[in-house]
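> Take a look at the following structure, please.
The values are calculated or read from the model by the stated rules, or taken from the named source; none is laboratory data. Please read all numbers here as calculations on a predicted model, not as lab measurements. Quick reminder, even Gly has a Cβ in these numbers, built from the backbone with ideal geometry, and neighbours come from all protein chains shown. Each accessible area value is taken on the protein alone, full model and side chains, heavy atoms only, with ligands, DNA and RNA left out. Shrake-Rupley method; radii C 1.70, N 1.55, O 1.52, S 1.80 Å.
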Amino acid sequence: MKAIDRFIDRTESAWMSRRARTARAVVLVAALLGGIALIEINRLFGEGTVLEHLPTVHLAAISWAIYLLLIFEFVEMAFAMSNSVASSVGRHLQLYSLVLLRDAFLKLSEFPEPIDVGMDDLYNVGVMTSDAAGAVVLFLAATVFARMQLHRPIASDVRSRDSFKAFKQVMVLLLLGTLVSLCAYRLIAFVAGVPAIDIIDTFFTVLVFVDVLLAFASLAVADNPAIVFRNFGFAFAAILLRLSLASPEFIRPGLGLAGAAVALTITLVYNLDIRANEALKEDVVDKGGGGSDA
């Protein structure tokens, strides 16, 4: 387990370094420009080739770049899970806000070039507006969620805390391995020109299972039932986010915000429990001190 811990720490440090961030920015720019070039090649010479299934509107390249950004963010979210369950949920909310923005840009790719909005396009404009507005509110909710966190050890016993951390490290390895496998399969399917599973939808489903597993694992080590309640509540919030991915237009932003509302409410209740316990401890100490003085 020490080897796994060192590997994840070093990998996280390398991934979060300034050099790595610069490299990811370069990759995203290259993906956008390369996507535009691929679409143009498809428009000119794509018929009868492996490229013919690609879109013919250059605006689709924007959604491709955002798709790649989401994959990068999945990696950061996996590392956040190794540090804190609450931090992982905050990343869930931020990621889904990016998913909604991606969906808005996907609708943009349905407009003609140059962009011309007619009466028949008003429905798409409404969908884009709904997704974009939901993304803004969801990102705001993620910011508020992060500020609300009152972190406390899951257990007073050091061995229990180390065991739970080791379990989380194993989950991180599984998540990273799953993400790499999904990306490799998607790339092979693209080259072969066959349908492939969606990385975003599949990975969000995997995250739901991981959140539930963490909630069950916390039963073995948590000193306070409120921690278990919080972890199961966070798992339910993740389920709502996953359901929103499969929901129709105009409904998916609402379900995403419902997931955010659950996470915020769970955090509020959890914080009240922490403050109540702290006040009770202070009261016990004060009474104990008063008795000894007497």
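> Just need the relative contact order of the range 104-261 here, percent rounded to a whole number, with Cα pairs under 8 Å and 6+ apart. Can you show the working numbers first?
Working: 115 pairs, mean separation 41.2, N = 158.
Here the relative contact order equals 26 percent.
> Please give the per residue volume of the convex hull enclosing the alpha carbon atoms of the chain, rounded to a whole number of Å³.
Values: hull volume 44.5 nm³, N = 294.
Expressed per residue, the convex hull around the Cα atoms of the chain is 151 Å³.
> With angles folded into 0 to 90 degrees, how steeply does helix 225-245 sit against the dominant principal axis of the chain? Use alpha carbons for both and round to 10.
Taking the Cα atoms of the chain, the angle to 225-245 is about 10 degrees.
> I'd like the FRET efficiency for Arg19 and Ala166, computed as 1/(1 + (r/R0)^6) with the beta carbon distance as r and R0 of 41 Å, rounded to 0.05.
Details: r = 29 Å, r/R0 = 0.72.
Efficiency computed from Cβ-Cβ geometry: 0.90.
> Another question, if that's okay. Please enumerate, by chain and number, the aspartates and glutamates with C-alpha under 19 Å from the C-alpha of Lys168, excluding those fewer than 8 residues away in the same chain.
Asp5, Asp9, Glu12, Glu73, Glu76, Asp157, Asp211, Asp223
> Connecting C-alpha atoms closer than 10 Å in a GNM of the chain, tell me which of Thr143, Thr22, Thr267 has the biggest fluctuation.
Among Thr143, Thr22, Thr267, the largest GNM mean-square fluctuation belongs to Thr22.
> Once you have the alpha carbon radius of gyration of the range 107-179, what is it after dividing by 2.2 N^0.38 Å, with N set to its residue count?
Values: Rg = 22.3 Å, N = 73, 2.2 N^0.38 = 11.2 Å.
Cα Rg divided by the expected 2.2 N^0.38 Å: 1.99.
> For a quick size check, give me the Cα extents of the range 36-181 along its three principal axes, largest first, whole Å.
65, 35, 17
> Shifting gears a bit: Tabulate in residue order the Karplus-calculated ³J(HN,Hα) for the range 246-257, using 6.51 cos²θ - 1.76 cosθ + 1.60 with θ = phi - 60°, rounded to whole Hz; enter x for Gly and Pro.
These are the phi-based 3J(HN,Hα) values: 9, 8, x, 4, 6, 8, 4, x, x, 5, x, 5 Hz.
> On to the next question. With a 1.4 Å probe and every protein chain kept in, tell me what percent of the accessible surface of the range 113-187 is carbon plus sulfur. Kindly include the intermediate steps, with their values, before the conclusion.
Values: 2970 of 4490 Å².
C and S fraction of accessible area: 66 percent.
> For the chain, modelled as a Gaussian network with Cα springs under 10 Å, which listed residue fluctuates most, Pro253, Pro195, Pro55?
Ranking Pro253, Pro195, Pro55 by mean-square fluctuation puts Pro195 first.
> Roughly speaking, what is the stretch gain from Val26 to Thr143, that is 0.36 nm per residue apart minus the C-alpha to C-alpha distance, in nm to one decimal?
Working: separation 117, 0.36 × 117 = 42.12 nm, distance 2.66 nm.
Gain on extension, Val26 to Thr143, equals 39.5 nm.
> Anyone know which of Leu98, Leu173, Leu280 comes out most mobile in the 10 Å Cα GNM of the chain?
Highest fluctuation of the listed residues: Leu280.
> Let me ask something else about it. For Glu278, Glu40, write out the residues from largest to smallest accessible area, computed with a 1.4 angstrom probe and no ligands counted. If you can, show how the numbers build up before the last one.
Numbers: Glu278 100, Glu40 70 Å².
Of Glu278, Glu40, the descending order of accessible area is Glu278, Glu40.
> Just to confirm the number: angle between the C-alpha axis of helix 199-221 and the first principal axis of the chain, 0 to 90 degrees, nearest 10?
10 degrees
> Using a 1.4 Å probe and ignoring any ligands, DNA or RNA, find the accessible area of Tyr67 and quote it in Å² to the nearest 10.
Taking all protein chains as shown, Tyr67 has close to 40 Å².
> With just the Cα atoms defining each centre, how far is the range 1-78 from the range 173-242? Give it in Å.
20 Å
> Probe of 1.4 angstrom, ligands and nucleic acids ignored: what's the accessible area per residue over the range 216-275, in square angstrom?
Normalised by residue count, the accessible surface of the range 216-275 is 43 Å².
> Continuing with this model, one more query. Using the Cα centre of the chain as origin and beta-carbon charges of +1 (Lys, Arg) and -1 (Asp, Glu), tell me which of His92, Ala166, Val27 is placed farthest towards the positive end of the dipole.
After comparing all options, I get Ala166.
> Something else: Over all directions, average the projected area of the Cα convex hull of the range 193-267 and note it in nm².
Details: hull surface 23.8 nm².
Spelled out: convex hull of the Cα atoms, projected over all directions, averaged, 5.9 nm².
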